[in-house]
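The values are calculated or read from the model by the stated rules, or taken from the named source; none is laboratory data. Please read these numbers as outputs of a predicted model, since none were measured by experiment. When we count neighbours, we look across all protein chains shown, and the Cβ atoms used for this are built from the backbone with ideal geometry, even at glycine. Only protein heavy atoms, including side chains, enter the accessible area calculation; ligands, DNA and RNA are left aside. Shrake-Rupley method; radii C 1.70, N 1.55, O 1.52, S 1.80 Å.
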Amino acid sequence: MIQINRVHHIAIICSDYERSLEFYKNVLGFTVLAEHYREESKGFKTDLALGNEYVIELFSFPSPPARLTHPEAVGLRHLAFEVDDVDKEAKELERLGIEHEPIRIDGYTNRRFMFFQDPDGQPLELYER
């Protein structure tokens with residue numbers, strides 16, 4: 001068996017780089033560690049951190065294909081972020097004009113969670129600590 005220490009990063013391809021970068025920075029609170037324009041692919045690769053932890057690589061390409069189905073397509077189903085208070089964060093999403101699903105309770109952990117989407121419809125989850 002391979003000895004994995006932790007998830008190193010999550011790579012996301014976006015359709016509108018500026019819109020997605022703004023969302024991940026100003027809605028979710030990520031900071032930019034590095035931003036590189038890659039001439040060979042005509043797009044950006046930006047490393048985003050939560051606190052001091054490197055978490056997301058945000059990629060742009062000239063014409064990426066859309067996600068075919070949602071969210072049961074093969075591949076990444078959703079990204080989940082831990083929060084202290086789901087109600088508080090739901091109100092902040094509403095203040096920012098971002099729709100979200102109703103808050104639910106995990107049947108196994110009894111913890112509260114909810115889903116919303118990034119600008120490209122990538123499912124995001126807020127999961128209460």
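Give the calculated FRET efficiency between Arg38 and His78 to the nearest 0.05, with a Förster radius of 30 Å applied to their Cβ-Cβ distance. Efficiency, from the Cβ-Cβ distance: 0.65.
Restricting attention to the chain, close to 70% of DSSP beta bridges with both partner residues there are antiparallel.
Taking GluC sites (Glu not before Pro) across segment 1-39, the ones in a DSSP loop with at most 11 further Cβ atoms lying within 10 angstrom of their Cβ are Glu39. Approximating the spin labels as points 7 Å out from Cα along Cα→Cβ, the Arg95-to-Lys25 distance works out to 2.0 nm. Ligands, DNA and RNA left out, the 1.4 Å accessible surface of the chain is 53% carbon and sulfur atoms. In terms of Cα to Cα distance under 30 Å, which lysines are near enough to Lys42, apart from those fewer than 8 places away along the same chain? Straight-line reach from Lys42, under 30 Å: Lys25. Would you mind classifying the chain by shape? Square roots of the alpha carbon gyration tensor eigenvalues, ordered a ≥ b ≥ c; an a/c under 1.5 is rounded, otherwise it is prolate if a/b is larger than b/c and oblate if not. Here the chain falls in the prolate category. Taking Cα atoms, how many degrees apart are the long axis of helix 86-95 and the longest axis of the chain, rounded to 10 and kept between 0 and 90? Value to nearest ten degrees: 60.
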